[in-house]
Amino acid sequence: MKLSISKDETLLILEFLAESKEHLDGMEEKILKLEVIKDNELVNSIFRPIHTIKGTSSFLHIENISFFSHEFETLLDDIRKNRIKEIEPKLIDLLLESLDVLSTMLLNLETALDSVNLAQDIIEVNVEGIEYKNVLDRLIAF
């Protein structure tokens, strides 16, 4: 999938990428802590950054990240709203894999932007490059 963006949008996307890295910083530890204790504030602290990434990527029309983070957010919302009552190891594994996939998707976009000429008016960026369907299917099915 190619993403066509203007020079101005490129700056927004670069800012989005920097903020997303901050949002995901420390997330793995929080997910691992969730395995020990299901605390509402802890779940919210995992949910909020994913929700922000979903919303911003949707606004910026970064469809693969938006779609994946939406499904990730949905699973986290199911935990928040107690539709998923038990935090079992396979759920923690799926959350960690989802975090890895999302991080890789963001890194892939950053790498793609690093390799383009930012002086052009319209920039074509290949944003695919990562296989996420397996994890996505498991997120949807959980």
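The values are calculated or read from the model by the stated rules, or taken from the named source; none is laboratory data. It should be emphasised that the depicted structure is a prediction, and the values quoted were computed from it without experimental measurement. In this analysis, Cβ positions are derived from the backbone assuming ideal geometry, glycine residues included, and neighbour counts consider all displayed protein chains. Quick note on the areas: whole protein, heavy atoms, side chains included, nothing else; ligands and nucleic acids left out. Shrake-Rupley method; radii C 1.70, N 1.55, O 1.52, S 1.80 Å.
May I ask you to say which residue of 28, 35 is within 20 Å of residue 108 (Cβ to Cβ), surrounded by fewer than 16 Cβ atoms within 10 Å (Cβ to Cβ) and of a type outside the set (A, V, I, L, M, F, W, C)?
When all the criteria are applied, what remains is 28.
Just to check your reading of the model, which residue among 73, 9 is under 11 Å from the mean Cα position of the chain (by Cα) and assigned to a helix (DSSP H, G or I)?
73
In the range 88-99, how many residues are buried (at least 16 other Cβ atoms within 10 Å of the Cβ) and free of Cβ contacts under 8 Å to residues at least 24 places away in the same chain?
Number satisfying all stated conditions: 0.
Kindly provide the set of residues from the range 120-136 that are modelled with pLDDT of 65 or more and open to solvent by less than 70 Å² (accessible area, probe 1.4 Å), ordered by number.
Selection gives 130, 132, 135, 136.
Between a residue in the range 67-87 that is closer than 19 Å to residue 99 by Cα and any residue that is open to solvent by 30 Å² or more (accessible area, probe 1.4 Å) and among the hydrophobic types (A, V, I, L, M, F, W, C), which pairs come within a Cβ distance under 7 Å, given they are 6 or more apart or on different chains?
71/140; 75/142
Does the range 27-66 hold any residues that are in contact (Cβ under 8 Å) with a residue 40 or more places away in the chain and among the basic types (Lys, Arg), and which are they?
38
Look through 62, 53 and report the one residue that is open to solvent by less than 30 Å² (accessible area, probe 1.4 Å) and modelled with pLDDT of 95 or more.
None of the other options fit; the residue is 53.
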